[in-house]
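Here is the structure we will look at, set down as structure tokens.
The values are calculated or read from the model by the stated rules, or taken from the named source; none is laboratory data. Everything numeric here is computed off the predicted structure, so don't read it as measured data. Reconstructed Cβ throughout: ideal geometry from the backbone, glycine too, with neighbour counts over all protein chains shown.
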Amino acid sequence: MLALNRNVIVFALILLVILSVSPLSAGKGLFFSPAECVKRIQNVEGCADAITAILRWDFSHLKHGCCDVLEGLTEDCWPIVFPHQPLVHTMIKGICFFP
């Protein structure tokens, strides 16, 4: 009886997670693709170099085209592009959109 209750609870939790994630991924597909984050940045000339400079806290190479790409990144992409640096998103917004 205890195993049956445990299975029901596990099933309910899995169902709850699936239902809570599905609205967030609506239109993006079920799985997130980190390669898409990198591809968007590589499509803008000089943006990858600017990202490398930002990782060294040098924001001087950040140009308008790169700002547009970075502003268009989804929330899933920020930890991929800037791992372990949660404040970079706010700093980029300040530099790109409030010069």
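Considering the range 64-86 alone, what residues qualify as being surrounded by 15 or more Cβ atoms within 10 Å (Cβ to Cβ) and assigned to a loop (DSSP other than H, G, I, E, B)?
73, 76, 77, 82
Look through 19, 15, 30 and report the one residue that is modelled with pLDDT under 60, in a helix (DSSP H, G or I) and either loosely packed, with under 10 Cβ neighbours inside 10 Å or among the hydroxyl-bearing types (Ser, Thr, Tyr) (or both).
Result: 19 is the single residue among 19, 15, 30 that is modelled with pLDDT under 60, in a helix (DSSP H, G or I) and either loosely packed, with under 10 Cβ neighbours inside 10 Å or among the hydroxyl-bearing types (Ser, Thr, Tyr) (or both).
Within the range 61-99, restricting attention to residues that are farther than 19 Å from residue 42 by Cβ and aromatic (Phe, Trp, Tyr), which residue is modelled with the lowest pLDDT?
98
Per-residue answers, yes or no, for (1) closer than 15 Å to residue 35 by Cα; (2) under 14 Å from the mean Cα position of the chain (by Cα):
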site: 56; (1), (2): no, no
site: 71; (1), (2): no, yes
site: 78; (1), (2): yes, yes
site: 84; (1), (2): no, yes
site: 94; (1), (2): no, no
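Pick from the range 33-63 the residues that are part of a helix (DSSP H, G or I) and without any contact (Cβ under 8 Å) to a residue 12 or more places away in the chain: which of them is farthest from residue 96 (Cα to Cα)?
35
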